[in-house]
Amino acid sequence: MEDVFKTINNSVGKMNKMMDVLSGKVPSAKSSKVDIISVLEDLVHNRQIAGGKPVPILGCESSSFYVKADKNQLIAILGHLVQNAQDATPDDGKITISQKRSTEGVVIEIEDTGCGMSEEFIKHNLFKPFKTTKGTKGMGIGVYEAREIIHALGGHIEVKSEVDTGTCFRLIIPPAN
């Protein structure tokens, strides 16, 4: 029970800090030019070392692409989305992370062949804190946090999913000036 309270307090603390940053009460800690390709490469490498399955496969159109962001926040939200994909996908399934350029900036897609989500869940619950399809495995704040951080960067997130087929999160982030 004590661990549950510690986990909840930690999550609430993180959300309060995030809300302060997003509302402009405090500036984002370390916003700078970040090479998103390097972040993606590090993410996949760390997932390989950690041994989670399936290991994501990375495909990048560019060798570098800079966005203005807090690198640690990017690592955290991308890591969370990949962890969600691993949790939803059987070990023999597939997770791909791709990057391409668009007129809006950089497009990152995290796609899995996992259990998928219903249109109803996506529409009404996916981006609400403390709503999850993972039962006791998750707190339901990671996707909400990812969306809020991407919005704060001037970008947006799109989600396509089909039950028993898989999910694709598409993040669009403007380039650094």
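Which pairs have Cβ atoms under 8 Å, sit 6 or more apart or on different chains, and link a residue in segment 96-122 that is without any contact (Cβ under 8 Å) to a residue 24 or more places away in the chain and assigned to a strand (DSSP E or B) to one that is open to solvent by less than 50 Å² (accessible area, probe 1.4 Å) and of a type in the set (F, W, Y)?
Short answer, once both residue conditions are applied: none.
Determine whether S62 is open to solvent by less than 30 Å² (accessible area, probe 1.4 Å) and under 24 Å from N177 (Cα atoms).
On the way: open to solvent by less than 30 Å² (accessible area, probe 1.4 Å): yes; under 24 Å from N177 (Cα atoms): yes.
Criteria met by S62.
Residue by residue, here is whether (1) farther than 27 Å from E41 by Cα; (2) surrounded by 20 or more Cβ atoms within 10 Å (Cβ to Cβ); (3) at pLDDT 95 or above holds:
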residue: T133; (1), (2), (3): yes, no, no
residue: H151; (1), (2), (3): no, no, no
residue: H156; (1), (2), (3): no, no, yes
residue: V159; (1), (2), (3): no, no, yes
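Mind listing whichever residues of segment 83-95 are crowded, with 18+ Cβ neighbours inside 10 Å and either assigned to a loop (DSSP other than H, G, I, E, B) or modelled with pLDDT of 95 or more (or both)?
T89, I95
Looking at K68, is it modelled with pLDDT under 95, open to solvent by 20 Å² or more (accessible area, probe 1.4 Å) and of a type in the set (D, E, K, R)? Break it down stepwise before answering.
Working: modelled with pLDDT under 95: yes; open to solvent by 20 Å² or more (accessible area, probe 1.4 Å): yes; of a type in the set (D, E, K, R): yes.
Spelling it out, K68 is indeed modelled with pLDDT under 95, open to solvent by 20 Å² or more (accessible area, probe 1.4 Å) and of a type in the set (D, E, K, R).
Which numbered condition in (1) modelled with pLDDT under 95; (2) closer than 25 Å to D164 by Cβ; (3) buried (at least 20 other Cβ atoms within 10 Å of the Cβ); (4) among the hydrophobic types (A, V, I, L, M, F, W, C) is the only one that C115 fails?
Every listed condition holds for C115 apart from (3).
The values are calculated or read from the model by the stated rules, or taken from the named source; none is laboratory data. Quick caveat, the model's predicted, so the values are computed rather than measured. All Cβ positions, even for glycine, are placed from backbone atoms using ideal geometry, and neighbour counts span all protein chains on display. Accessible surface areas use protein heavy atoms only, side chains included; no ligands, DNA or RNA. Shrake-Rupley method; radii C 1.70, N 1.55, O 1.52, S 1.80 Å.
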